[in-house]
Amino acid sequence: MHTDAGRDVERLQRDLATMREALGAENPFGRAARAAWLGVATVSALGALAAWTGSRAIGATTGAAGLTLAAGVLLWTVRARNRRATAPVTWREVRTVATAKLVGAPMLAAFLLWLRHVGAPLPYILAVAAFCCGLLALIYATTRPWRRIGIGLGLPLIAFGMLVLVLPADRVFLAAGCTGIAAGCACAAILWMERHVWPAGEE
């Protein structure tokens, strides 16, 4: 009896979660997203350490960790697609972000290449790229309650875009690593707060 009751409760919880997803009340970013952002912070920390010490071994480790993180994000995307029938909000969010990247990234890359072609200095190009991406992240954060993670990404990018113009050339990669640490930790913290502090952010 107790076993059957437990199964009924679990089934009811799954049904409620599916209904919340269908109504758009479910936060699509859960534990996997928090782990990914913490991974971004970890990889960025390794990159900053490599830039600080000049160690090739740490640089190689950073590259391997980055590839592992990218593979994990790809796996999460595939899983979201496979679960699109029971988690439509998650799949819609993944699809929206992926579409924005596919459309926006080539446009931004073309603009940066044009800046390079007309002779703009590299720090200026990096500043434009960081500021534009940060601004887009902040705009993204205003469109849905669960997209507040855009704040955690946007503010560090804008700060980096402003600082890179005055930093010495040998400190740019270190600053980029610190930016990744700040963004990863901030986004993970926002996602944690949406689960444990803000009622609308519960998984």
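The values are calculated or read from the model by the stated rules, or taken from the named source; none is laboratory data. The structure displayed is predicted, hence computed values, not measured ones. We place every Cβ from the backbone using ideal geometry, glycine too, and count neighbours over all the protein chains shown.
Mind checking which residues of region 99-109 are under 16 Å from the mean Cα position of the chain (by Cα) and either surrounded by 12 or more Cβ atoms within 10 Å (Cβ to Cβ) or hydroxyl-bearing (Ser, Thr, Tyr) (or both)?
Residues satisfying the conditions are Thr99, Ala100, Gly104.
Regarding Gly54, is this residue surrounded by fewer than 15 Cβ atoms within 10 Å (Cβ to Cβ) and closer than 20 Å to Ile151 by Cβ?
No.
Looking only at region 113-135, count every residue that is of a type in the set (A, V, I, L, M) and within 13 Å of the chain's Cα centre (by Cα) and tell me the total.
0
Of all residues being of a type in the set (Gly, Ala, Ser) and within 27 Å of Pro156 (Cα to Cα) in region 75-118, which is modelled with the highest pLDDT? Just the residue, please.
Ala110
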